[in-house]
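In what follows, a single structure is set out as structure tokens and then discussed.
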Ligand code: NAD
């Protein structure tokens, strides 16, 4: 009965979106800024849990979908189709009560003094108005971060990144382009080797997961459909530090590096890329004796995954707030995620500087915390309004009995108010770190199992799959991802460009 009821309700809400009403001038305007790739972990969990009847909510995002980024590396090889990890923003807001407006636009500037967000329509089709402002009473900045390039020449021009759906599509096309060009009639041997050399820069989780997925693609599909490439297709992971996955335990780092060895992925640690051209990278390699040497490494595909940098809209906001002057990596926030130096701006996700790593898990919990905070704030306002009314009623009470009745009610409301105000500061509960490393293996550092549990291998891979599936934004996403996995198992990945 439970399952049938849930299914019936899901179908009902799909076909019957909750009716939207016009903004209420008595309510505060809460503006939520979502990042460019539409990742928005903080924003999506905030929106899902926020009681939207309490505010006039405005969501601003340049893409009209949320993107489940943990599975983006799988989209680069066609293991998962990109639409399976996209959740339309409208799917979420149409199920919310009250006023939730969505504008497909990029937030180009936050005017802190005047409480305005400047927005710009960056889509191909533009109407008469494509630049305007949105006023706010409360603002949540969840605009994420951009790809760090450290000003290294040639990176922006020649690399593929891995943040957006478009990036994954570009990589997928580029892999097949390299393969088909390598097979062009009379191609020279050196050129074949270069074109089939897939270089990944950055040994963090993004680089490691992508390298693993790419090698899987080669082993499970490319090698079978296009055997001519089997001697020259090669994946290299380049990392400046002495090891990959620095946030994992030593045991899991060793496990990852030995798995990569088995998979025939070359790991080049202590190799810092200094320059990128259209067909090679120049890197400074630290030798075992400590000496340094510059090496040129030719590539066909270059994927750049060296972490996050501050977006210009965030930097501009930081420059407007004196309390942010000493912050370098993003918006410094207090324990309630309020941007330091402000009272009505909160920051979540990769653009906020907290004591925690900028992961999806942290952003997700931050969003949920803000929803709780805003719901409580609204409830507090309601109780305070009611208390004012009760005090007025007490003053004009006709007799002792009436006065006592109102007094009891005031006491009850005050108790309620104390309980409501007891919301503690944000505390992150770390569920563990997971990363896929190829060959149906994953690594997991899980803190909630027997203290601290580190695991790698096939069982961990199954755990990784089920954890990611359960983390998907919606049942629809979960079904699509599961179907993609089954489809690929049966038919293999699509090798068309
Ligand atoms: P990262 O910051 O974790 O790793 C980037 C790596 O690039 C670093 O190890 C750095 O030493 C290296 N690097 C930087 N410049 C270099 C250069 N010039 N040459 C060679 N190497 C260079 O980046 P990421 O993997 O994109 O992750 C970003 C954030 O997202 C992290 O906090 C990460 O934990 C999180 N994340 C987590 C997961 C997961 O848990 N599965 C997946 C993706 C991202």
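Throughout, read-outs are computed from the coordinates displayed, never taken from laboratory work. All values derive from a computational prediction rather than experimental measurement. Neighbour counts run over all protein chains shown; Cβ positions are idealised from the backbone, glycine included.
Mind jotting down a quarter of the surface of the convex hull over the alpha carbons of the chain, in square nanometres, one decimal? Could you put the intermediate results ahead of the total?
Numbers: hull surface 123.2 nm².
Mean projected area of the Cα convex hull: 30.8 nm².
For a protection proxy built on the mean count of beta-carbon atoms within 10 angstrom, sort 328-336, 121-129 highest first, please. Mind showing how you got there, number by number?
Values: 328-336: 17.8, 121-129: 9.3.
Ranking the peptides 328-336, 121-129 by packing returns 328-336, 121-129.
What's the center-to-center distance, using Cα atoms, between the stretch 23-101 and the stretch 252-316 in Å?
34 Å
Could you work out the relative contact order of the chain? I mean the mean sequence separation of Cα pairs under 8 Å and 6+ apart, divided by the number of residues, in percent. Provide the component values of the computation, followed by the final result.
Working: 912 pairs, mean separation 88.4, N = 497.
With pairs under 8 Å counted, the relative contact order is 18 percent.
Among 232-239, 424-431, what's the highest-first ranking by average C-beta atoms within 10 angstrom per residue? Walk me through the numbers on the way to the answer.
Numbers: 232-239: 22.9, 424-431: 12.5.
Ranked from most to least packed, the peptides come out as 232-239, 424-431.
Can you tell me what share of the DSSP beta bridges in the stretch 190-330 is antiparallel? A percent to the nearest 5 is fine. Walk me through the numbers before you get to the answer.
Values: 12 of 24 bridges.
DSSP beta bridges in the stretch 190-330 are roughly 50 percent antiparallel.
Expressed as an acute angle from 0 to 90° and rounded to the nearest 10, what is the orientation of the C-alpha long axis of helix 165-182 relative to the principal long axis of the chain?
Once rounded, one gets 10 degrees.
Determine the calculated [θ] at 222 nm for the chain from helices alone, applying -39500 (n - 2.57) to every DSSP H run no shorter than 4 residues and normalising by the residue count; nearest 500 deg cm²/dmol.
On the way: 14 runs with 185 residues, N = 497.
Mean residue ellipticity, 222 nm, calculated: -12000 deg cm²/dmol.
Report for the chain the percent antiparallel among DSSP-assigned beta bridges with both residues inside it, nearest 5. Please list the in-between numbers first.
Numbers: 39 of 72 bridges.
Antiparallel bridges: around 55 percent, rounded to the nearest 5.
What order do you get for 370-376, 303-309 when each peptide is scored by the mean count of other beta carbon atoms within 10 Å, highest first? Please list the in-between numbers first.
Numbers: 370-376: 19.9, 303-309: 21.4.
Highest-to-lowest ranking by the protection proxy: 303-309, 370-376.
Taking the 0 to 90 degree range and rounding to the nearest ten, how far is the long axis of helix 205-217 tilted relative to the main principal axis of the chain, both from C-alpha atoms?
50 degrees
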